[in-house]
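Colleague: Please see the structure below; I have some questions.
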């Protein structure tokens, strides 16, 4: 187990094996913190991804990948902080890594906050869904309000036409009855010519009323049927929107709901994960320079000196080779045979150039 945690710490196991047991225990503790931070990242990411994919296997797989990523980052952060006995220099090394650790802490803590406050978040989401359902019903009703109003207006006009005609018929009825009684019109008792004229007028209006009632009643029934279809369509659209609203509980919706809860509770959870995530770095910064650090610095100096020696030897070989080449080519340059040979070749080359130029000019002139 100690060897595994030492591996997690990013320390050199071969070098650390030469150190004391206390030094190995210290780095095993740092490695254990790195490991358990990655384990918590795995659980957090798995839960967060389960809210997205709603599948255990997919969430577990990608959560495992995320946990490996966090493990690798933490291991890299801890292993790259070098103890050199200079606090400001060490803090300068750790500062970018602390910023990265804070970002990782935020990423890890948020999904676990969602799980811890799941009941409260569900309550907030339910309230939001209820409000969205009411708003959706109002929007759908407003969408069909124009048609509903038009149907109501048309039915009222048809009913008003019947009422107006009934009033007219009733007035004609009263007219011919009072004419027969002699209380109006000619004021003569009995059913004379005027009575018959008014009675015929009433009967014609009554027939028109019957025809109007039949026609308008049919039109009103047709409008009511269309209105029922419209209301059924409205109800269907509202019912179709309900599952969409009911499923508004994804990761982003839950994060928004979490932000509506009291800040102080989630902030303390974030501080907890921040302490866990930064604890390996802080532990390494606060720990005094130990045996492993001295051995590691000695090993680095040996490698650095060996590289410098190799570089210096290569520079000396290059300088010596250049000097030898200069002497060799200097001696060759003073030989008469080489001079005569190059002079002969230059003469031949110039003759060929002159002949080629002559042939080219001759071709141009025709």
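Colleague: If you go through region 214-231 one residue at a time, do you hit one that is surrounded by fewer than 12 Cβ atoms within 10 Å (Cβ to Cβ) and closer than 19 Å to residue 171 by Cα?
Modeller: No, region 214-231 contains no residue that is surrounded by fewer than 12 Cβ atoms within 10 Å (Cβ to Cβ) and closer than 19 Å to residue 171 by Cα.
For every residue, the table says whether it meets (1) surrounded by 19 or more Cβ atoms within 10 Å (Cβ to Cβ); (2) within 36 Å of the chain's Cα centre (by Cα); (3) part of a helix (DSSP H, G or I).
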position: 14; (1), (2), (3): no, no, yes
position: 28; (1), (2), (3): yes, no, yes
position: 33; (1), (2), (3): yes, yes, yes
position: 43; (1), (2), (3): no, yes, yes
position: 59; (1), (2), (3): yes, yes, yes
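Colleague: Now for a separate question. Every residue in region 276-306 that is touching a helix residue (DSSP H, G or I) at 6+ places or on another chain (Cβ under 7 Å), part of a helix (DSSP H, G or I) and buried (at least 16 other Cβ atoms within 10 Å of the Cβ), please.
Modeller: Hits for region 276-306 are 276, 277, 278, 279, 280, 281, 284, 285, 291, 292, 295, 296.
Condition check ((1) under 27 Å from the mean Cα position of the chain (by Cα); (2) not assigned by TED's automatic domain parsing to the domain that holds residue 232) across all residues:
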position: 91; (1), (2): no, yes
position: 98; (1), (2): yes, yes
position: 104; (1), (2): yes, yes
position: 112; (1), (2): yes, yes
position: 138; (1), (2): no, no
position: 144; (1), (2): no, no
position: 153; (1), (2): no, no
position: 164; (1), (2): no, no
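Colleague: Test of understanding: among 321, 249, 331, which residue is outside any helix (DSSP H, G or I) and more than 28 Å from residue 17 (Cα to Cα)?
Modeller: 249
Colleague: Using the structure shown, decide if residue 159 is out of contact with any strand residue (DSSP E or B) (no Cβ under 7 Å at 6 or more places or on another chain), surrounded by 15 or more Cβ atoms within 10 Å (Cβ to Cβ), assigned by TED's automatic domain parsing to the domain that holds residue 216 and in contact (Cβ under 8 Å) with a residue 60 or more places away in the chain. Break it down into steps so the answer makes sense when it comes.
Modeller: Numbers: out of contact with any strand residue (DSSP E or B) (no Cβ under 7 Å at 6 or more places or on another chain): yes; surrounded by 15 or more Cβ atoms within 10 Å (Cβ to Cβ): no; assigned by TED's automatic domain parsing to the domain that holds residue 216: yes; in contact (Cβ under 8 Å) with a residue 60 or more places away in the chain: yes.
It is false that residue 159 is out of contact with any strand residue (DSSP E or B) (no Cβ under 7 Å at 6 or more places or on another chain), surrounded by 15 or more Cβ atoms within 10 Å (Cβ to Cβ), assigned by TED's automatic domain parsing to the domain that holds residue 216 and in contact (Cβ under 8 Å) with a residue 60 or more places away in the chain.
The values are calculated or read from the model by the stated rules, or taken from the named source; none is laboratory data. As the structure is a computational prediction, the values presented were derived from the model and not from experiment. We place every Cβ from the backbone using ideal geometry, glycine too, and count neighbours over all the protein chains shown.
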